[in-house]
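Below: the structure, in structure tokens.
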Amino acid sequence: MTDMSSIQKACKNYEQDLVLHYYGESSPEERERIQAHLQGCPSCSRFLDELRTVLPLTVKADEPPESFWESYSRELRQRLMTAREKNAWWEGIFSFLRPWAVPTLATAVVLILAVTLTLTRGTWHTRDLPPKEEALLEVLPIAENLEFYTSMDFLDSLDLLEDMGGADSGSA
Amino acid sequence: MGTGRPEELGDETLVTLAQKGEHKAFEELVERYKQKAYRIAFDFTRDREEAKDLSQEAFLRAFTHLNGFDQRASFYTWFYRILVNLCLDYRRRGQRVSWQPFEEHDGKTAEKNEIANPGPSPDREAMSGEISRKIGAALNSLPPKQRTAFVLKNHEGLSIREIAKIMQTAEGTVKTHIHRAVLALRQSLAELV
Ligand SMILES: [Zn+2]
């Protein structure tokens, strides 16, 4: 059972500095200021001692044997080869869909839509936009997706650090 | 690879060569970073198989999206960011099915687990296993950004500046994350002092 009263408190305005000091992240001036404070403050000294005791415990050591690393590389080479083969296949598709091809694709989609609508409903209303422009709006997200697959930085779309940022407030 | 042996080339050159389709160049990047990548994944998962799978997956993602990497950041900054995202995603997925939070800092969860898993007599090994479990749970209960900053500092010894680049945030924010993580862990693990 954790006894909350046993937790050593540091002076509030030194707490973060002491944590950074523990990690060797304080400037020479800060270090001097902290050292001077520690000499006259038993609470902060005990706080720093506690960090020295607890924080190394949080690291779990793991030294896999040499055989682990051999199979690691072998497996990964295999996975990379599979990825290369898949990539080559996608590249074949995308080389056909270069930027210049997008308007062509759009026109093709418009024609297909027009023909389909004409055949199924018998009418084709242009409203305010000419058919080609109207269909381009539909096609645009597809074009953006092509760009996404060919040149995106993976992290722009899978930025969990940001997605999960809300959780931070919980322990602030 | 005309310009020299892969192991003598800098990351930047290897990335450029790999982007041109030189398989050996990417394999050299793998050899260069596989142990660090594995260790970071292990910091998050504390499980050998999961760490292997996640770090390999990070290399695969890096390989697949290498052409989108413009080298404005260093390769390892970009790669570690992919890796950390995967580790956090793993944790999020894991939480849904099996994650047991070490909540309230009052030992209730720990007590419950002890009842559920009475185990063998409390010899030294069982005790150290229990401590390791508590530490793992305490780390798991940290918010993702705090945990990331903490692990990269405390376990990997990266500088605040490097961590800020990986997390794409200000150095002051990284300091705050580390500070909060340390305070939360001290509370969770006070009984170990
Ligand atoms: Zn003090």
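The values are calculated or read from the model by the stated rules, or taken from the named source; none is laboratory data. If you're wondering where the values come from, they're calculated on a predicted model, not measured in any experiment. Every residue, glycine as well, gets a Cβ built from its backbone with ideal geometry; the counts of neighbours run over all protein chains shown.
Please go through (1) in contact (Cβ under 8 Å) with a residue 12 or more places away in the chain; (2) more than 7 Å from chain A (Cβ to nearest Cβ) for B:Val30 and return the number of the only condition it doesn't satisfy. (2) is the only condition that B:Val30 fails. Those helices (runs of 4 or more DSSP H) of the stretch A:1-104 in which at least 3 residues are away from the ligand (no atom under 16 Å from the Cβ) and at pLDDT 95 or above, considering only elements entirely within it, cover A:66-96. Among the criteria (1) under 29 Å from A:Arg52 (Cβ atoms); (2) of a type in the set (Phe, Trp, Tyr); (3) modelled with pLDDT of 95 or more, the one B:Phe79 does not fulfil is (1).
Confirm whether B:Lys20 is closer than 24 Å to B:Ala149 by Cβ and more than 11 Å from chain A (Cβ to nearest Cβ). In short, no.
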